[in-house]
Every structure is written in C-alpha cells, then in structure tokens.
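First comes the structure, then the notes that go with it.
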Amino acid sequence: MKNSLFSLSILLIGMIVFSSCEDVVDVDLSEGAPQFSVDAFLTNQSVPEVILSMTQEYFDDSESGVIEDATVSITDGTNPPFELFFENGAYRYTSVIEFEEGVEYKLSIINGDDEYQAMSIVNPVPSIDSIGVEFQDELFGIEAGYFAEFFSRDIAEREDFYWARYSRNDTLQNDPSDLIISQDASFSGNGADGLIFIPPIRQSINDFSRTYQPGEFIHVELRSIDETVFNYLTQVVEQTGIGGPLAIISAPTYNVLTNINHVSGPDELDPVGMFSVSKVSTIDYTFE
C-alpha cells in the first residue's frame, strides 16, 4: 500500500467523520422582508448569465421569485453597453464577452423604480500546467482507483485570489464542500506568492470517498477573482460550515457581504448577492 498524501487525507477525513457527533437544535426563526438578490458570476469562456430574484424564508422550499422584467447591462465605461435579455430564468447576452484583463466592468440593473450597480475588475489567471494522477489501492473501504491533482503556479509579485472548480464526467461538482478558494498559492496567502498551489488546493478536485475509475473524464478550471469576491466566498464557507474537514464548529449566522449597491429608488432594504468577472484557465484529463 502506498503511503501517499492521498492516503493521509483519506485517513484524516475518515477519523473525523466516524468520531464526530451532531445534535439537532430547533430554532424559531423570525420572518424577514424579501430582499433583491443578484447572482452574476461571469467569465471570459461562457455566455454571461445574471439571475435576479427575491429572497425567501430559510425553510421556504418553494420556487424562488425570479424577476423577469428588469433592464440589465454590462459596460466597461468606454464601449457601448452589453444589453442582457431574459430567457429561461436568467438574463443573458447573445454571445461570449471577451472581458479584458485589468478593465473594471459595471453591472447596471433597473428593476421598476429601483436602480442597482456593481463593479468588478478582471484580474489575470495563471495557466494550469498539468494533471497529476496516482493510483491508490483499496483503503478504509474505499475502492481502488485514481486520485488527481492539478498543477499551477501563482502569479508572482502581486496579491491574487482564485476559485478552483471541477466537473466529473461533465457534471459540475457544486456541493458546498466543493467550494475551493485561495489567496495566492495557499488559503491565507502568507509566504505563498509565486509558488505552486499547496497540496490541499491542488487535490481539491477529488471526492475522497469515491476514486476515479478508468474511462472517467475530469474538467478543471481556475478562476481569477478579486478580494471582495474572495471575502464573500470565505463567508459562504463559514456560514455553511464547510471550512474543510476540521471545521467542526461553524461560525454564528450573519448576512454575508455584497458588492451590489442600491443607487436610487424607494427600496429600503440592502440588496444581496455578488457580481464577479473572471478570467479562466482550464485543463481536461481522461483516466485510462
């Protein structure tokens, strides 16, 4: 049996899962007024999509109130604005937008008598050099198979923020525990400028309870984000209690930050959500 980092990761996770316990607490939550919500994570590799809706109660599992009649546009302050049109639950542009590195883009939304704006700057992103693969024998009831890691080096002499995502067999792994963000090449950025991403980030493209099997396909992407988006996603990690396998105790509940600003109109509640424009590096790998 190989004494690898992957083996140690599985052992640590297994110890925590089988030794932890959970108490159920009933909480009486007061009702709050609906707020205007913006979901706008855009990249240079896909057609821009902005979802507008009204928030709802925590235990309300009904379909959210998507807003269909707003006016939505994106501009760089120099060229004519990109006008987005509503279709199938979201506002979309007609094609991919070639967002330019170093340019700050503005999202403008008019919803009835209310106007909202948000800003996001496009930061550079390093290339993903390769995918490393290691075969692991059966361990702790997990079948034999492959584990993977991606290799990329942080851009030196600047403070950078990234968001790693991956798809397995064309299915985006989008559970809360799959949210992997970094400052430079580590979680906190301290001393990691210009380095190769640390193993916990490189190996975040695995489900440690289910190895990759021959014939499976993986798509990995690395997004550049700004500090505001990094802090927003950090708070999402805290609020969902998914700060890694050692995050047994989650943070107290609070409203996460937003870069959506209400600039005019009668709405008395602060909006929620985030606007982000990212450059993306990608790599694909098929296990043989």
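Between ALA144 and SER127, the modelled label-to-label distance comes to 3.6 nm, taking each label 7 Å out from Cα in the direction of the beta carbon.
Extents of segment 110-205, taken as max minus min of Cα coordinates on every principal axis and listed largest first, are 61, 37, 21 Å.
With both labels modelled 7 Å from their Cα along Cα-to-Cβ, the THR171 to SER188 distance reads 3.6 nm.
3J(HN,Hα) along segment 220-225, derived from phi through the Karplus expression 6.51 cos²θ - 1.76 cosθ + 1.60 where θ = phi - 60°, amounts to 10, 10, 10, 9, 7, 9 Hz, with x in place of Gly and Pro. What's log10 of I(q)/I(0) for segment 150-230 at q = 0.23, 0.24 Å⁻¹, Debye sum over Cα points only, no solvent? Treating every Cα as an identical point scatterer, log10 I(q)/I(0) equals -1.08, -1.15.
Values in this text are rule-based calculations from the coordinates and carry no lab data. None of the values given here were measured: they were computed from a predicted structure. Positions of Cβ are backbone-derived with ideal geometry, glycine not excepted, and every protein chain shown enters the neighbour counts.
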